[in-house]
1. Let me spell it out: the conditions are (1) surrounded by fewer than 22 Cβ atoms within 10 Å (Cβ to Cβ); (2) part of a helix (DSSP H, G or I), and PRO158 meets all of them except one. Which number is the exception?
2. Looking only at the stretch 269-287, how many residues end up being under 16 Å from the mean Cα position of the chain (by Cα) and of a type outside the set (A, V, I, L, M)?
3. How about the stretch 164-177: which of its residues are more than 16 Å from the ligand (Cβ to nearest atom) and at negative phi?
4. Could you please let me know if THR29 is over 22 Å from ILE242 (Cα atoms) and within 14 Å of the ligand (Cβ to nearest atom)?
5. For residues that are farther than 27 Å from LYS161 by Cα and either touching a helix residue (DSSP H, G or I) at 6+ places or on another chain (Cβ under 8 Å) or buried (at least 19 other Cβ atoms within 10 Å of the Cβ) (or both), tally how many sit in the stretch 238-260.
6. Residue under question is GLY65, and the condition is that it be within 16 Å of the ligand (Cβ to nearest atom) and either within 24 Å of the chain's Cα centre (by Cα) or not aromatic (Phe, Trp, Tyr) (or both); does it hold?
7. Which members of the stretch 114-129 meet the condition of being touching a helix residue (DSSP H, G or I) at 6+ places or on another chain (Cβ under 7 Å), surrounded by 22 or more Cβ atoms within 10 Å (Cβ to Cβ) and modelled with pLDDT of 95 or more?
8. What number of residues in the stretch 327-348 are surrounded by 14 or more Cβ atoms within 10 Å (Cβ to Cβ) and outside any strand (DSSP E or B)?
Amino acid sequence: MANLGVDFAGLKLKNPVLPAAGPPVKDATAILAAARGGAGGIVTKTISVVAADVPKPNMAEIRGGFLNTELWSELPPEQWLETEYALARQSGLTTIVSLGYRPEEIRELARKVRPFADALELSTHYVGTDLSPIVKALKAAKDEVDVPVFMKLSPHVPDIKMVARALEDAGADGLVLINSFGPVMGINIETGLPLMGSKEGYGWLSGTAIKPLTLRFVYDAASVVKIPIFAVGGISTGRDAIEMIMAGAAAVQVCTAAILNGPTIYGKIAREMDDWLDAHGYESLQEIRGLAHRRAAQRSFRTHVVAPTIYEEKCTACGLCRVCPYGAITVEKVVAINLDLCAGCGLCVSRCRFGALELKV
Ligand SMILES: Cc1cc2nc3c(=O)[nH]c(=O)nc-3n(C[C@H](O)[C@H](O)[C@H](O)COP(=O)(O)O)c2cc1C
């Protein structure tokens with residue numbers, strides 16, 4: 001068994017898979033279910049100075065992704081402070097309390113939640129793309145409390161490297177990348193109605209569809225900061241989580257997959273990570289953290305064609321690789337590549353499910 005424990009900015013996480021702020025941590029009952037489901041720590045649903053007035057309907061599964069317009073907690077902050085946080089502490093897990101949004105709101109809430117928080121996570125989702133209120137919110141929290149403060153960024157941030165650096169310089173103890181993407185839309189073609197009940201019909205995209213965006217944000221931020229990063233967005237399997245760690249994340253958070261599969265998903269992802277590490281001979285996550293940066297640095301940029309190597313013994317002749325846009329692939333008993341036609345694009349390798357094709361570095 002590999003060592004899955006994580007030290008995240010001084011916080012001890014039992015394993016690297018936490019819930020992200022959202023319905024699966026919407027109150028103490030849900031939080032305790034997440035803990036029983038194997039979460040390595042807890043992030044609580046974002047609260048603000050007043051309860052959110054959430055439009056209905058506000059969640060929909062769409063092909064490859066998920067839409068929501070859920071805003072922040074519908075419970076008033078008083079209920080969290082009087083009941084939910086204290087009950088949630090019974091999980092015994094490291095607890096990160098999520099707060100939103102403006103500096104004056106953060107100042108008001110940070111000290112009140114401190115008795116229940118091992119760290120704070122500040123959502124910047126509704127404060128626009130300007131850096132100034134984001135940095136001011138961070139400073140307001142740092143003035144009020146002595147626990148680590150993590151900044152959660154949305155993918156509308158225009159220059160993640162610049163913002164990540166600025167937040168590290170301003171004292172952020174960690175980054176959480178990313179919130180949902182948008183605004184976006186879906187329409188029910190039977191009724192003609194937008195899927196989301198917000199005034200404009202807009203919502204925010206999460207789930208599998210945004211995983212490549214998450215990965216790019218994490219990869220870019222990890223290339224310029226030393227503070228640890230939570231990857232969040234599109235993670236539903238151990239392999240997804242391993243990819244995020246290779247991009248430079250120290251741990252991951254999961255929201256959509258927990259909505260769709262229930263709270264046992266956290267433990268399942270952690271076990272799948274463990275299995276993958278064991279199967280590949282790694283003893284800890286540390287060994288693969290940021291690996292993609294090191295491997296990419298070894299690869300030279302090239303434009304000349306290198307055709308995939310074929311491992312005939314692994315080919316099942318399933319034909320998935322036949323999509324070749326250059327007509328270079330034929331599959332009879334096994335796959336064959338016409339080297340005069342192959343453009344070295346790599347598509348066939350990405351389609352092969354059996355490891356029968358490989359693009360050598
Ligand atoms: C229904 C729903 C509610 C959410 N509520 C919050 C929230 O209160 N605070 C927050 O920071 N992010 C919130 N998010 C964003 C998630 O925490 C997460 O950043 C995003 O969904 C991407 O991760 P995923 O693909 O695993 O869902 C919400 C997402 C969904 C789908």
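1. Here PRO158 clears every test but (2).
2. Residues of the stretch 269-287 under 16 Å from the mean Cα position of the chain (by Cα): 269-270, 273.
Retained after the next criterion (residues that are of a type outside the set (A, V, I, L, M)): none.
Qualifying residue count for the region: 0.
3. To start, the set of residues in the stretch 164-177 that are more than 16 Å from the ligand (Cβ to nearest atom) comprises 164-166, 168-171, 173.
The answer is ALA164, ARG165, ALA166, GLU168, ASP169, ALA170, ASP173.
4. On the way: over 22 Å from ILE242 (Cα atoms): yes; within 14 Å of the ligand (Cβ to nearest atom): no.
Taking the combined requirement at face value, the residue does not satisfy it.
5. Residues of the stretch 238-260 farther than 27 Å from LYS161 by Cα: 257-260.
When the remaining residues are screened for being either touching a helix residue (DSSP H, G or I) at 6+ places or on another chain (Cβ under 8 Å) or buried (at least 19 other Cβ atoms within 10 Å of the Cβ) (or both), the result is 257-259.
Number satisfying all stated conditions: 3.
6. Values: within 16 Å of the ligand (Cβ to nearest atom): yes; either within 24 Å of the chain's Cα centre (by Cα) or not aromatic (Phe, Trp, Tyr) (or both): yes.
Yes.
7. Here is the first cut: in the stretch 114-129, the ones touching a helix residue (DSSP H, G or I) at 6+ places or on another chain (Cβ under 7 Å) are 116, 120, 122, 124, 127.
Restricting the remaining residues to those that are surrounded by 22 or more Cβ atoms within 10 Å (Cβ to Cβ) gives 120, 122, 124.
Scanning the stretch 114-129 gives LEU120, LEU122.
8. Residues meeting the conditions: 7.
The values are calculated or read from the model by the stated rules, or taken from the named source; none is laboratory data. Not measured: the values here are computed from a predicted model. In this analysis, Cβ positions are derived from the backbone assuming ideal geometry, glycine residues included, and neighbour counts consider all displayed protein chains.
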